[in-house]
Amino acid sequence: MNAAAPEASRLTPGEASPPSMQQPVALDVSQCEQFLIHEARLLDEARFDEWLALFTPDAWYWVPVEPGQASPRDTISLMYDDRRLLETRVRRLASPRIYSQEPRSRTSRIVANVTIEQSANDACIVRSKFQLLEYRRETQRIFGGTSLHRLVRGTNGIRIAWKRVDLVNCDAPHEGLLVPF
Amino acid sequence: MTSIAPQEIAALVRPGRVHRRVYTDPAIFDLEMERIFGSAWIYVGHESQVKNPGDFLATRIGPKPLLLVRDAGGELQLLHNQCAHRGSLVVASAAGHTSEFRCCYHGWTYHLDGRLKAAPLLQDYPAHFDPKDPDGGMRRVPRLASYRGFVFGSLAADGPSLPDYLGYMTTSFDDMVDRAPEDELEAAGGVFKHGYKGNWKLYLENLCDAAHPLFTHQSSIDAASQQSDQVHSDGSGEIAIRQMRQNGAPHSFWEANVGIWTYPNGHSFLGDYHDDAKLVTALNDPVFRDYIAAMEAKRGKEQTRKILEVRRWNSNVYPNLSFMSQFGQLRVVHPVAVNETVVHTYCFRLRGAPARMFENAISFANVVNGTGSLVLTDDLEIYNRIGMGLVSAGPEWLEIGRGYQGDSSDEHGGRRGRNSTSEIYIRNMFDAWLGFMAGEDKPARRRAAGAATLAEMTQ
C-alpha cells in the first residue's frame, strides 16, 4: 500500500480524526460500499461542495499519469491536489467563467468490486472499481479504473483521508479532464 | 503530392492578418507536413533519454514515426521506424534498451545504426537485392544534430545548420542548461499528452500570448485568489495557487514589465517575466538557498548571479517546440490532422540541484501543463473553440496585428514588440511559414523574419 501514499506517515490510522473517548469501530465492507456510492452520486449530481466536505482537513486526492506510479512528488500527475488545491479545484468548478465546462459535463458512474485491503481501528483502505461515462458537447468519453480510498471514521461520520484513482488509460492522450473521478 | 501555387499561398498572409484557411484546409496541412516538417529542424528528444548504447526512444517528425537511438559506438542515430522488407513498424515500444532491432513479421534484424544485420531466407531473393545496400536498412533521417543535449532532426538533406537555424535562440537553451549546477539536464518525471480538435499552429500562438490569461483563465484566477492560505498544503498546492494568482496580473503589468522578442525562422520568447523571488520560491526559501549554494560552489558567485538574472518565460522554437527554464518545462506539438493535434510535455531535472527543486517543477507542470490542470483545460477549450469557430461563415481574415506599429529591431538580429501584449511573435511565425511554404523566395523570407510584414505595410 505504500505505493499509494506520498508520505508513509499519512497512513497512520486515525491521524486525521479527533481522538474519541469511545472504542474505535472498524468499518465493514457494506458501510464502505454505501459511502462510495454516496460519493459517486455527489459527483454525478455536481454537488462538488458536498463532495469536498467528505475529505479530512489534510486530505489529498491523486490521479497518477503512469500505471503503478510510485509517487506524486517526482512524477507528474493528471491531478494531484493537497487540501488547499482541492478546495481551489472545487471552487473553480462552480465558477460561471469556467469555459471548459461550458457546456457542463454530465457524468454517470458505477462503483463495484469493493474490498477492504487494510483495516486498523477506525480506518481502512478500500479498493473499488469504477466506470464513468462523461458526456459533453456531442461527445461521450468512457473512463474506468481502480480507486483506493483511505476512509476514517470520525465524530462526523466517514471521511476520506486520501483517494487515489488509477485510470486504465492514464498515459493516453486526453482532452481536458475537468470533472473529478 | 499537393500542389498550391506559391502566389495562392502568399496571398493567405497579409500585414497583420492571416486567412482562416491556413487553419482549416487539409491541402494546406499536407503541404505544411511536406515543406515545414519535411525540412525544418524538428526537436526529437533529449540526450538523457538515450543515455547508453542500445537505448532507444520512439519519436516523430510530423506524422512520421522515428527512433532516436544511441548506437553501439555511442553515436546518436535517427531512424525511420519501418522495416525495409514489408514496411511494418519495427519497434512498437515507446522506449527501451536493445542490442538490435528485429521485425516481428519475418525476422529481419537491424544494427542500432539502422544497417541490415540479417534477413532469413536470404538466398531466395533475386540478384538485384543487396543486403549491404545502405538504403536497404532502417533508413536514417538525413540530418541529426544536438545543441547542449537537445536533439533535432531534419528530413531535408540540405539546409541551414542547427546553430544557424536556432540563431539567438541558443541562448534560451543555454539559460535552461546553465541553471543546472552540474551543467546537465535529465528528462524525468513522466509525459503529459493532451489532445485537442484544432490546428497545430494554435498552440505556439498561445504560448507567448500575454493578453489572454485575464479572460481565458478567469475561473482559476478567481478560485485561487479566494483560496485561504491557512488551509493545509504539502507545498505542491501552494506553488499551483501562486501561479494561478500570477495569471491575474492586470494588462498594465504585461505592458510595463514584460517584453517579447522574436528572431528569424519563427522563434520568439517572452522575457523579464516572473522573477525567482515572486514565483519559484522566495529567495530566503531554504530550498532555493541550497540551490544557490550548489550553483555558487560549481560556478562561482558572479556567474551564478548572471545565470539567475535571465528571466525568460516561454521560448518558442518554430515550428513546434516551446520550453521554459525556470521550472524545466518543455512541450512538443505534434500535428495529427488539420483539425487535430497532440501535445507532449516533459520536465527536466537539474543535475546537482536539491531534490526539492524538481518536486517544485513537478507541481508547476501539474498546474500549467497538466491534462487535468485548472489552467491548461481552459486553453484546450480555446483551441477546440477556434477549431469549431473557423468553419463558420464569419470573417475570413483573422487579426494578428496587435502592437503592429510598435515593432522595433533588437541588437541580436531580431525584432521586439513594444510590450508583451504585442502579437509580433505570431506575425513572425507567419513570416517563417511563408518562407517555408511559398517556394522560391524562401531563404530571403526566412532571413526577413518580421521585417517582411513591416515592409509590406509601408508600401
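The values are calculated or read from the model by the stated rules, or taken from the named source; none is laboratory data. Nothing here was measured: the structure is a model prediction, and the numbers come from that model. Positions of Cβ are backbone-derived with ideal geometry, glycine not excepted, and every protein chain shown enters the neighbour counts.
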- Determine, yes or no, whether B:Tyr203 is away from chain A (no Cβ under 14 Å), aromatic (Phe, Trp, Tyr), part of a helix (DSSP H, G or I) and touching a residue at least 12 places away in the same chain (Cβ under 8 Å). no
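Based on this model, can you work out whether A:Asp74 counts as facing another protein chain (nearest Cβ under 9 Å) and in contact with a Ser or Thr (Cβ under 7 Å, 6 or more places away or on another chain)?
Numbers: facing another protein chain (nearest Cβ under 9 Å): yes; in contact with a Ser or Thr (Cβ under 7 Å, 6 or more places away or on another chain): no.
Considered against the rule, which asks whether it is facing another protein chain (nearest Cβ under 9 Å) and in contact with a Ser or Thr (Cβ under 7 Å, 6 or more places away or on another chain), A:Asp74 comes out as no.
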- Query: From the set of residues in the stretch B:368-397 that are touching a helix residue (DSSP H, G or I) at 6+ places or on another chain (Cβ under 8 Å), of a type in the set (A, V, I, L, M) and more than 8 Å from every other protein chain (Cβ to nearest Cβ), which is nearest to B:Asn199 (Cα to Cα)?
  - Reply: B:Ile386
- Among the helices (runs of 4 or more DSSP H) lying completely within the stretch B:248-350, list those that include at least 2 residues that are over 23 Å from the mean Cα position of the chain (by Cα) and modelled with pLDDT of 90 or more. B:286-299, B:301-308
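In the stretch B:147-192, which residues are assigned to a strand (DSSP E or B), touching a residue at least 40 places away in the same chain (Cβ under 8 Å) and in contact with a Leu (Cβ under 7 Å, 6 or more places away or on another chain)?
Taking the stretch B:147-192 as the starting set, the residues that turn out to be assigned to a strand (DSSP E or B) are B:147, B:150-154, B:185-192.
Narrowing the set further to residues that are touching a residue at least 40 places away in the same chain (Cβ under 8 Å) leaves B:150-154, B:185-192.
Residues satisfying the conditions are B:Val151, B:Phe152, B:Gly153, B:Leu185.
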- Sole miss for B:Gln227 among (1) more than 11 Å from every other protein chain (Cβ to nearest Cβ); (2) touching an Asp or Glu at 6+ places or on another chain (Cβ under 9 Å); (3) modelled with pLDDT of 95 or more; (4) not in a helix (DSSP H, G or I) is condition (1)
- Go through the stretch B:219-251 and give me each residue that's in contact with a Ser or Thr (Cβ under 9 Å, 6 or more places away or on another chain) and of a type in the set (Gly, Ala, Ser). B:Ser219, B:Ser220, B:Ala223, B:Ala224, B:Gly235, B:Ser236, B:Gly237, B:Ala240, B:Gly248
- Item | Cβ-Cβ under 6 Å pairs, at least 6 apart or on other chains, the stretch B:207-230 side in the same structural domain as B:Trp254 (by TED's automatic domain parsing) and within 19 Å of B:Arg418 (Cβ to Cβ), far side of a type in the set (Ser, Thr, Tyr) and crowded, with 21+ Cβ neighbours inside 10 Å | B:Cys208/B:Ser268; B:Cys208/B:Tyr425; B:Ala210/B:Ser420
- May I ask you to list the residues in the stretch A:81-105 that are outside any loop (DSSP other than H, G, I, E, B) and without any contact (Cβ under 8 Å) to a residue 40 or more places away in the chain? A:Asp81, A:Asp82, A:Arg83, A:Arg84, A:Leu85, A:Leu86, A:Glu87, A:Thr88, A:Arg91, A:Arg92, A:Tyr99
- Scanning the stretch B:98-138 residue by residue, those free of Cβ contacts under 8 Å to residues at least 40 places away in the same chain and among the hydroxyl-bearing types (Ser, Thr, Tyr) turn out to be B:Tyr105, B:Thr109, B:Tyr110, B:Tyr125
- Message: Can you tell me which of (1) part of a loop (DSSP other than H, G, I, E, B); (2) surrounded by 13 or more Cβ atoms within 10 Å (Cβ to Cβ) is the one B:Ala92 doesn't meet?
- Response: (2)
- Query: Under the condition of being surrounded by 19 or more Cβ atoms within 10 Å (Cβ to Cβ) and of a type in the set (S, T, N, Q), which residue from the stretch B:230-246 is farthest from the other protein chains (Cβ to nearest Cβ)?
  - Reply: B:Gln243
- Of the residues that make up the stretch B:365-374, is at least one small (Gly, Ala, Ser), modelled with pLDDT of 95 or more and not in a loop (DSSP other than H, G, I, E, B)? yes
